[in-house]
Amino acid sequence: MTNIDDILNKEHLDYEDIVMLLSIEDKNDMQKVFDKALSVKANAIGRFVYLRGLIELSNICRKNCLYCGIRRDNYKAIRYTLFHDEVMESVRLTEKFGFGSIVIQSGELLGDTFIETLESYIKEIHQKYPELLITLSCGEQTPEVYKRWFDAGAHRYLLRIESSDEELYYSIHPKDENHSFKARMQALTDLRNTGYQVGTGVMIGLPNQTIEHLAKDLIFFRDFDVDMIGMGPFIEHSETPLYEKRNLLWSLEKRFNVSLLMIAILRIMMPTINIAASTALESLDNQGRRKAILAGANVVMPNVTPLYKKKNYKLYENKPGIHLNPWESLKSIHDSIENCGEHICYHNPGIPKHFRDRTNSI
Ligand code: SAM
Ligand code: SF4
């Protein structure tokens, strides 16, 4: 039988290899995978970490994803949209702290007001801070809208596929025209065709999700040739329909460990992409992001949303850092990362080497 060392020495990981690595439960074997991923990262792109200031623009959403605390039908969620000055203050802090880019994330909103307002914000940010790379994570839109925002100055887009398995996707979304697996897939292609650096990802530890599903997700990322990945543990929220299935969930420890393995295996498979250490990891382990960095991740997103608003952007229980102001968020990240052999690159947008190679850009 193939052992872990043999698999880790292979040039190309196939489906069976990935399933075997994801199934590891022994701590020493897990550490072998993390160590391999760290050395792959060090050789391919160096032991550098890039920061993005995360702005949670609005928690108003037209969708009803069965897992998400800000889904449309959660009437207990206190809704907000940041005002212009709050957005610009968050961007000012991002620039002042030396983060190379910002991520504007929100519930999925269609309609001219949202599209035009965001377009004007992108233009203003791009004009005031031309060095700052702008990433959007605002759900599925039309190709025309992607293009408008791209032309305004946003050049990265994050849209998680959530699961690359159609059946599992429909088990965590309502079956209606607002939640279509095909449309989600098409959106990734539209974003790629618009010229964005495209990021996607999945949640790990969903009800009825298996190691085999996750292995196929990793192969999907490789086949789609993604530039960036953000993936992390699924964490239940009591005001969502999926909460009823909480008895089917893996333990928090397993969700955390498999999330780290997913990051490490993907780093081995795709050495030059950007992989984020997700905030959800930190809610399961207060060293979560640091452990993810040491397993091959290279991006962290400190939250720069105003303190009094970010507590209402609650996707899951125990959102970490809701009492930290942007400066404290940065300090906690800086301290935990800089003393583990990694170097934080300030004032650097951290464009994935994979994207440069794919597009032959500098
Ligand atoms: N609305 C946009 C979208 O869905 O693409 C962007 C914002 S959405 C809140 C960002 C991500 O949060 C989703 O892609 C999903 O993977 C993650 N998320 C939502 N609920 C979660 C939960 N209960 N546990 C972990 N991650 C969750
Ligand atoms: Fe809306 Fe995104 Fe949450 Fe789905 S995951 S309900 S689209 S904010």
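The values are calculated or read from the model by the stated rules, or taken from the named source; none is laboratory data. Note that the structure is predicted; figures quoted are calculated from it, not measured. Ideal geometry is used to build each Cβ from the backbone, glycine not excepted, and the neighbour counts take in all protein chains shown. The accessibility values were calculated without ligands, DNA or RNA, using every heavy atom of the protein model including side chains. Shrake-Rupley method; radii C 1.70, N 1.55, O 1.52, S 1.80 Å.
Surface composition of segment 10-359: carbon plus sulfur atoms contribute 52% of the solvent-accessible area (1.4 Å probe, protein chains only, all chains present). Qualifying chymotrypsin sites (Phe, Trp or Tyr not before Pro) in segment 41-132, where qualification requires a DSSP coil assignment and no more than 10 other C-beta atoms within 10 Å, comprise 75.
Assuming charge only on the beta carbon of Lys and Arg (+1) and of Asp and Glu (-1), the dipole of segment 10-359 about its Cα centre is about 580 debye to the nearest 20.
For residue 314, a cut-off of 19 angstrom between C-alpha atoms picks up these lysines, skipping any fewer than 8 places away in its own chain: 63, 76. With an a/c value under 1.5 for the gyration tensor axes a ≥ b ≥ c computed over the alpha-carbon atoms, the chain is described as rounded.
Projecting the Cα atoms of 153, 304, 75 onto the charge dipole of the chain (Cβ charges, centred on the Cα centre) puts 304 farthest toward the positive pole.
Taking a ≥ b ≥ c as the square roots of the eigenvalues of the Cα gyration tensor of segment 173-240, is the shape rounded (a/c under 1.5), prolate (a/b larger than b/c) or oblate? Oblate.
Sorting 160, 267 on solvent-accessible area from highest to lowest, probe radius 1.4 Å, gives 160, 267. Leaving out ligands, DNA and RNA but keeping every protein chain, what accessible area does residue 129 have, in Å² rounded to the nearest 10, with a 1.4 Å probe? Answer for residue 129: close to 40 Å² accessible.
Using the 1.4 Å probe convention, the accessible area of the chain works out to 42 Å² per residue with neighbouring protein chains retained. Largest first, the residues 126, 12 sort by 1.4 Å accessible area into 12, 126. Residues whose amide H lies under 5 Å from that of residue 205, counting only those 5 or more places away or on a different chain, are 234; hydrogens are built 1.01 Å from N in the peptide plane. For residue 240, neighbours were defined as the other residues whose beta-carbon sits under 15 Å from its Cβ, and their charges (Lys and Arg +1, Asp and Glu -1) total +2.
With an a/c value of 1.5 or above and a/b larger than b/c for the gyration tensor axes a ≥ b ≥ c computed over the alpha-carbon atoms, segment 286-344 is described as prolate.
Using heavy atoms of the protein chains and a probe of 1.4 Å, the accessible area assigned to residue 285 is about 30 Å².
Helices in the chain, meaning DSSP H runs of at least 4 residues, each add -39500 (n - 2.57). Divided by all residues, the mean residue ellipticity at 222 nm is -13000 deg cm²/dmol.
The listed residues 327, 149, 250 rank as 327, 250, 149 when sorted by accessible area, largest first, using a 1.4 Å probe. Positive contributions from Lys and Arg (+1) and negative ones from Asp and Glu (-1), summed over other residues with Cβ under 13 Å from the Cβ of residue 272, come out at +3.
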